[in-house]
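Asker: Have a look at the structure that comes next, please.
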Amino acid sequence: MTVHQLSRQEARRIAVRAQWLDKKRPTNMIKTIRHLTMLQADGTSAIAPSADLVLWSRIGSSYSPAELRTALENRTVIDLRGMLRPCEDVALYRADMAHWPGTGELVNWKKSQREWVKANDACRRDIIRHLRANGPLTARELPDTCVKPWRSSGWNNDKNVTMLLELMVQRGEVAGAGREGRERLWDLADRIYPDDPVVPAEKAERIRNAKRLRSLGIARARGPECPIEPGDVRDVGQVAVIDGVAGEWRVDHAQLALPFAGRAALLSPFDRLVYDRQRMVDLFEFEYALEMYKPAVQRQWGYYALPILYGDRLVGKLNAKFDRKSGELRVDDVHEDQPFSKTMAAAIDTEIADLALWLKSEFT
C-alpha cells in the first residue's frame, strides 16, 4: 500500500486546487456545483447568500444568482436538507431515506427521533394530506396536530411542524420546493425529486465518499459523525500522512504532483475550504469562527467576516457589509493574520472591488 508523505503546503495546495480556488477559474455554474457536490443554502445576507458567494468566489463577477434560481426552479439543482445538490445526486440518498433512522443498533438520539415521529404520526399524515391537496406550502401554513411537542434547549423548542418536516425530509416524504420570501416552501418529495433508480445504500455511500474526496482533494479517513455532510471519506482515495498533523488522511491521487498557481479569493464562512474548522486548523493553521451569533462586544473579526485566501494560505478576514439601498459595500476592517505584502494587498483589494461591483449589479 502506497502512503503519500505530504508537507502542509502540499496538502493546502491540493485542497485549494480541488476546490477550484486556484488561478484557473471555472466558467460554468452547473459544472461547478457538480464538482463541489453541494452548496449550503444559508440565507444570511450581510453581504450575499452563502451559495451565491461560493459561486462568485470561483467563477467571478460573470456569475449571476439568477442562474442558481433558475436551476432550482427547473430542478436541475435540488435543496436536500438545506444543501443545494445536483439533481442526479439525490438518488445517492434515497436508500438511506428508505431505512430511516438507520439500520443496526441505533444511537440514543436516533431512537428518540424515531419515537417522536411515531408519537406524532397523525400530524405527519395531516401534513402529507395538506401538501398533496395544496402544496407547495410554508411551515406556517401546515397544521400542528402534534400530541408530543419537540423539546430542546435551543431555538427549535416547540417548533413541532418545522422539526417534523426536517425528519420527513430524512424519511424521503417531503422536500424543499423553493422559498416564499425568507420562508422555505415544502412539497411532496415525489413531486420534487427525479425518478432515477435508487442506488443501493453501500454503493451510494462509497460514491458519495469518492465525490467528496474529489471536491476536497484531501480529507481525513475517519472523523466525527456529521449527519448531513460528513467531513471524512472512509477508505476511498489513497493513504496520506501530513507532516506535523496527526492521523490518517486520504488524498485524491489525481491531484498529486499537479502544478499550482494561486490567487486571492474572498470566501463565504460556509465555504467547504473552511467549513470543517478542524481541517482548516490542521492544514492552514488559521484561526477563525463565525461570530454572527456572538454579542457585538465579543466579536474579534466581525458579524460575517469573510476568510481571505491568498495562494495556498488563509491570510486574514474581511469585515464588511453590503447596503442594498445604496449599492455600497462598506468595509469596516481587513484583519491581517500576517502582514500583507504590496502584491498581496493589491490582489486582495482587486477582489474586494470586484465583489463590490458584482453585489451592486446583482443585488440592487
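The values are calculated or read from the model by the stated rules, or taken from the named source; none is laboratory data. Worth saying up front: this structure is predicted, and the values here are computed from it rather than measured. Here Cβ is always computed from backbone atoms with ideal geometry, including for glycine, and neighbour counts include all displayed protein chains. In case anyone asks, the SASA skips ligands and DNA or RNA and just uses the protein heavy atoms, side chains included. Shrake-Rupley method; radii C 1.70, N 1.55, O 1.52, S 1.80 Å.
Asker: Kindly express, to the nearest 10 degrees and within the range 0 to 90, the angle between helix 342-363's C-alpha long axis and the longest C-alpha principal axis of the chain.
Answerer: Long axis of 342-363 versus the principal axis of the chain: about 40 degrees.
Asker: Once you keep just the Cα pairs under 8 angstrom separated by 6 or more residues, what percentage relative contact order results for segment 207-364?
Answerer: Once normalised by length, the contact order is 16 percent.
Asker: May I ask which residue of Y193, I242, G178 lies farthest towards the positive end of the charge dipole of the chain, with charges of +1 (Lys, Arg) and -1 (Asp, Glu) on Cβ and the Cα centre as origin?
Answerer: Y193
Asker: Extension gain E362-L258, at 0.36 nm per residue separation less the Cα-Cα distance, in nm?
Answerer: 33.9 nm
Asker: Something else about it: Just to be sure I understand: if I project the alpha-carbon convex hull of segment 13-107 onto a plane and average over all orientations, what area do I get in nm²?
Answerer: 8.4
Asker: Another question, if that's okay. Select one label from (1) -0.82; (2) -1.00; (3) -0.91: the one whose number is log10 I(q)/I(0) by the Debye sum over Cα atoms at q = 0.12 Å⁻¹ as derived from the coordinates shown.
Answerer: (2)
Asker: Hey, another quick one. Could you tell me how far the Cα centroid of segment 71-118 sits from the Cα centroid of segment 140-215, in Å?
Answerer: 6
Asker: With the contact rule set at Cα under 8 Å and sequence spacing of 6 or more, what percent relative contact order holds for the chain?
Answerer: Computed over the chain, the figure is 20 percent.
Asker: Next up: Under a GNM of the chain (C-alpha, springs under 10 Å), which listed residue has the highest mean-square fluctuation: G178, G102, G237?
Answerer: Most flexible of the set in this elastic network: G102.
Asker: Quick one: putting +1 on the C-beta of Lys and Arg, -1 on the C-beta of Asp and Glu, what dipole do you get for segment 78-166 around its Cα centre, in Debye to the nearest 20?
Answerer: 240
Asker: Let me ask something else. Identify the GluC sites (Glu not before Pro) of segment 54-113 meeting these criteria: DSSP loop state and at most 12 other C-beta atoms within 10 Å of the C-beta.
Answerer: Passing sites in segment 54-113 are E105.
Asker: Something else about it: Please give, to one decimal in nm, the separation of the simple spin-label points placed at E336 and M1, each 7 Å out from Cα toward the Cβ.
Answerer: Placing both labels 7 Å along Cα→Cβ, they lie 4.6 nm apart.
Asker: Under 17 Å Cα to Cα from K148, which lysines show up? Leave out anything in the same chain fewer than 8 places away.
Answerer: In chain and number order, the partners are K110, K111, K118, K159.
Asker: Return the loop-located GluC sites (Glu not before Pro) in segment 271-364 (DSSP other than H, G, I, E, B) with at most 16 other Cβ atoms within 10 Å of their own Cβ; answer none if there are none.
Answerer: Answer in residue order: E285, E287.
Asker: Given axes a ≥ b ≥ c from the Cα gyration tensor, I'd like to know whether segment 88-153 is rounded (a/c under 1.5), prolate (a/b larger than b/c) or oblate.
Answerer: oblate
Asker: Which value does Rg/Rh take for segment 286-340 over its C-alpha atoms, Rh per Kirkwood?
Answerer: Using Cα coordinates only, the ratio equals 1.00.
Asker: Dipole size in debye (nearest 20) for the chain around its Cα centre, Lys and Arg Cβ +1, Asp and Glu Cβ -1?
Answerer: 340
Asker: Report the one residue of L267, Q300, Q5 whose Cα lies farthest in the direction of the positive end of the charge dipole of the chain (charges on C-beta: Lys and Arg +1, Asp and Glu -1; origin at the Cα centre).
Answerer: Q5
Asker: Non-local amide H neighbours of R313 (under 5 Å, H modeled in plane, Pro and chain starts lacking H): which ones?
Answerer: Residues meeting the criterion, in which the H sits 1.01 Å from N, do not exist here.
Asker: Report, to the nearest 10°, how far helix 121-134 tilts away from the longest principal axis of the Cα atoms in the chain, using its own Cα long axis and a range of 0 to 90°.
Answerer: Computed tilt is about 80 degrees.
Asker: May I ask you to compute the full-extension gain from W109 to T70, defined as 0.36 nm times their residue separation minus their alpha-carbon distance, rounded to one decimal in nm?
Answerer: Between W109 and T70, full extension yields an extra 10.3 nm.
Asker: May I ask you to give the percent of accessible area on the chain that is carbon plus sulfur, with a probe radius of 1.4 Å?
Answerer: Carbon and sulfur together cover 50 percent of it.
Asker: So, one more: With +1 assigned to the C-beta of every Lys and Arg and -1 to the C-beta of every Asp and Glu, and no other charges, what is the dipole magnitude of segment 1-76 about the Cα centre in debye, to the nearest 20?
Answerer: My answer is approximately 360 debye.
Asker: Considering the options P136, I352, G82, tell which one lies farthest towards the positive end of the dipole of the chain, charges being +1 on Lys and Arg and -1 on Asp and Glu at the Cβ, about the Cα centre.
Answerer: P136
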